[in-house]
Structures are given as C-alpha cells and as structure tokens.
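Colleague: Below: one structure in structure tokens.
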Amino acid sequence: MPEVPDVSAIAQNVKARIKQIEDQLKQNQRLSDELDRLRDALSRLEGAARSRVGAGPRGRRPAAKPAPTAKRPTAAKRATAAARAGTAKPASTANKPASARTGAPRGQNKAKVLDALKGGGPMTASEIAKVTGISAGTVSTLLTKMAKTGELAKAERGYTLPQQPAAAATTPAAGQ
C-alpha cells in the first residue's frame, strides 16, 4: 500500500514559503517608498534650482490663481487615510497639478529620438512620439532644431540620421 505524505509537513513548508514571500513584499514596499521619496526630493531640488535661475524681473505678471474648486481633503489628509488603509502614498506626489510636473532631464529626449531613428528609415514626429512616449509637439520642436544643427537630415517624409560619407567610414584612423 502506498504511503500517504505527511500533510502537516507540507502545510509547514507552504506556511514557510508564504512567510518568505511576505517578507520580500515588505522589503519591496520599503524600496518603492524610498524611490518615491528620492524622486520627490529630486523634483523639489530641480524646481528650486530652476526657480533660482529663472528668478529676476522679466516684465511679466505672475500667473493668475486658478478658480477655486470643490473642497477636497489636503494631500496630507489623503496620505493619512491611505496609510490607515494600507495603501500609503507620499503626500507630496498625490495629485500634482500639471504646472508642478517636471520635464525630462537635460538631453534625455534627444537621446530617445536618436535611439528611435537608429532603427532604420525615416520617421515622422508623430511616429517618433509614439515610440518614445514624448509628446508630439516636443518631438516636432526637437526634430526641427536637430535638423537645423545638422544632427538629423530631413527626408522626403520625416527625418533620418545623416548619412556618413563612405570614404570616412572605411578610412582607418591616423597612426594605425
């Protein structure tokens, strides 16, 4: 007669594995929270640097304050309520208005556009925008600037990387 496995030993193994997974999830949550805090600190740091650079008289009036909307709990109160529910999110990242969003780090959009164009043939601004996730307007402006500086070539339809002269590509470097 075949032996029946010890159910209590199997249950203990499953419980131990569940405990391991729960511990890993707690560690990942701590890392995720730390990442959110670091991103928030970086955006505040970059915002402060931009405001210092952009400070000074420009002859413009400050933007008008937005019209009041329906009363909502403050970000801190929402974060406290979320913490009680177990879905804590840093108060500073909750529902940021569009004006508080930061752009991509310097040069990142250009690098994404160049990477997209390395794929081969010419691409339009909207095609590049879809591939890179950058807005079509930003891509269009960037493509125009890059074409003017010679970093890109204007194709019949869209833009492409400039063609390197065949002789320069095959000529060995001096002194070799």
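Colleague: Compute the distance in nm between two label points, each set 7 Å from the Cα along the Cα-to-Cβ direction, one at Lys130 and one at Ser43.
Modeller: Those two pseudo-labels are separated by 2.9 nm.
Colleague: Can you spot the aspartates and glutamates whose alpha carbon is less than 13 Å from Lys15's alpha carbon? Ignore those fewer than 8 places along the same chain.
Modeller: Straight-line reach from Lys15, under 13 Å: Asp23.
Colleague: Pop out the ³J(HN,Hα) list for the stretch 156-162 in order, Karplus 6.51 cos²θ - 1.76 cosθ + 1.60 with θ = phi - 60°, rounded to Hz; leave Gly and Pro as x.
Modeller: Each residue's phi maps through the Karplus curve to give 4, 9, x, 10, 8, 5, x Hz.
Colleague: Going highest first, how would you order 18-26, 106-114 by mean Cβ packing within 10 Å?
Modeller: Ranked from most to least packed, the peptides come out as 106-114, 18-26.
Colleague: How big is the dipole moment of the stretch 104-163 about its Cα centre under a simple scheme where the beta carbon of each Lys and Arg is +1, that of each Asp and Glu is -1, and everything else is neutral? Debye, nearest 20, please.
Modeller: 140
Colleague: Can you flag which of Lys26/Lys112; Lys118/Lys145; Lys26/Lys110; Lys26/Lys118 are past 29 Å Cα-Cα?
Modeller: Details: Lys26/Lys112 34 Å; Lys118/Lys145 18 Å; Lys26/Lys110 37 Å; Lys26/Lys118 41 Å.
Table pairs above 29 Å Cα-Cα are Lys26/Lys112; Lys26/Lys110; Lys26/Lys118.
Colleague: I'd like to compare 144-154, 30-40: which one has the highest average count of other Cβ atoms within 10 Å, and what's the full order after that?
Modeller: So the order, starting with the most tightly packed, is 144-154, 30-40.
Colleague: At a Förster radius of 30 Å, what calculated FRET efficiency corresponds to the Cβ-Cβ distance of Gln24 and Gln108, to the nearest 0.05?
Modeller: E(calc), rounded to 0.05, equals 0.40.
Colleague: What is the stretch 106-154 by shape, rounded, prolate or oblate, if you read a ≥ b ≥ c off the alpha carbon gyration tensor as root eigenvalues and call it rounded for a/c under 1.5, prolate for a/b larger than b/c, and oblate otherwise?
Modeller: It comes out rounded by the Cα gyration axes.
Taken together, the values in this text are just the output of simple stated rules run on the coordinates, not laboratory data. Since the structure is predicted, the reported quantities are computational estimates derived from the model, not experimental observations. Heads up, the Cβs are rebuilt from the backbone with ideal geometry, glycines too, and the neighbour counts pull from every protein chain shown.
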